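Have a look at the structure below, then the notes.
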Amino acid sequence: MELACTLADRRFEATARVRLAHVQLAADDLDAAEANYTAAWTLRRDLAMTNLSMEAVAGLAEIAWRKCDRAQTCAHLDTIMAHVTQRQLDRTEEALLVLAATHRLLTALDDPRAAAVYKLAHAQLHRRAATLDAPDCDRFWRTPLHAAFANPLP
C-alpha cells in the first residue's frame with residue numbers, strides 16, 4: 001500500500017486495497033476491510049474501471065451480510081446485478097469470486113436472481129474449460145470454486 005501511495009499510482013493503489021481487504025475480511029477485521037473496499041471502489045469508479053469496481057462491491061456486500069445489515073447487503077447486490085445484466089465481468093481479476101459471493105448471498109437471501117448468477121458463472125467456466133486439453137480440464141474442474149459451478153441447474 002505504501003508503495004502504491006508513494007508512486008501515486010491510483011490503479012495500483014486500488015488493486016492493493018482490494019487485496020488487503022480480502023486478507024482483512026478473511027481475518028474477520030470487518031472495519032478495516034470495509035475501509036479498504038470502499039476506498040478501492042471509489043478509486044476504480046473515479047478511474048472508470050467499473051468492471052474491476054465490482055470486486056470491491058462484492059466484498060462490501062459480504063461485510064454488510066456479516067454485520068447483519070440486510071438492507072446494505074441488498075443494495076450492494078443490486079449494484080452488482082445491475083452491472084452484470086449489462087456487462088460481462090470477464091476483464092476483472094476475480095470475476096468468479098464476484099459471481100460466487102453474489103450467488104451465495106442471493107441464495108442466503110432467498111433471492112430468485114441467484115439462479116441467473118449461477119448460470120452466468122456456469123457458462124463462463126464452461127467457456128474457459130472448452131479451451132483446455134483433457135489433463136488441464138480435469139485439474140480445472142477439481143478446483144473447489146470451479147466445481148461449485150460445474151453442473152447445470154436442474
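If His122 meets every condition in (1) surrounded by 12 or more Cβ atoms within 10 Å (Cβ to Cβ); (2) under 26 Å from Gln24 (Cα atoms) apart from one, which number is that one?
(2)
I'd like the residue in the range 114-130 that is touching a helix residue (DSSP H, G or I) at 6+ places or on another chain (Cβ under 9 Å) and of a type outside the set (Gly, Ala, Ser) and, out of all such residues, is farthest from Ile80 (Cα to Cα).
The selected residue is Arg128.
For the range 36-49, give me each residue that is of a type in the set (D, E, K, R) and either in contact with a Gly (Cβ under 6 Å, 6 or more places away or on another chain) or surrounded by fewer than 19 Cβ atoms within 10 Å (Cβ to Cβ) (or both). Give the derivation first.
Here is the first cut: in the range 36-49, the residues of a type in the set (D, E, K, R) are 44-46.
If the condition is that a residue be of a type in the set (D, E, K, R) and either in contact with a Gly (Cβ under 6 Å, 6 or more places away or on another chain) or surrounded by fewer than 19 Cβ atoms within 10 Å (Cβ to Cβ) (or both), then Arg45, Asp46 are the ones that fit.
Only one residue in Leu30, Leu52, Leu20 is within 21 Å of Leu106 (Cα to Cα), surrounded by 14 or more Cβ atoms within 10 Å (Cβ to Cβ), out of contact with any Pro (no Cβ under 7 Å at 6 or more places or on another chain) and at pLDDT 95 or above. Which one?
On the way: Leu52 fails: at pLDDT 95 or above; Leu20 fails: within 21 Å of Leu106 (Cα to Cα).
Among Leu30, Leu52, Leu20, only Leu30 is within 21 Å of Leu106 (Cα to Cα), surrounded by 14 or more Cβ atoms within 10 Å (Cβ to Cβ), out of contact with any Pro (no Cβ under 7 Å at 6 or more places or on another chain) and at pLDDT 95 or above.
Quick check on Leu77: is it of a type outside the set (Asp, Glu), within 23 Å of Arg44 (Cα to Cα), surrounded by 17 or more Cβ atoms within 10 Å (Cβ to Cβ) and modelled with pLDDT of 90 or more?
Spelling it out, Leu77 is indeed of a type outside the set (Asp, Glu), within 23 Å of Arg44 (Cα to Cα), surrounded by 17 or more Cβ atoms within 10 Å (Cβ to Cβ) and modelled with pLDDT of 90 or more.
The values are calculated or read from the model by the stated rules, or taken from the named source; none is laboratory data. Remember, it's a predicted structure, so these values are computed and weren't measured experimentally. Here Cβ is always computed from backbone atoms with ideal geometry, including for glycine, and neighbour counts include all displayed protein chains.
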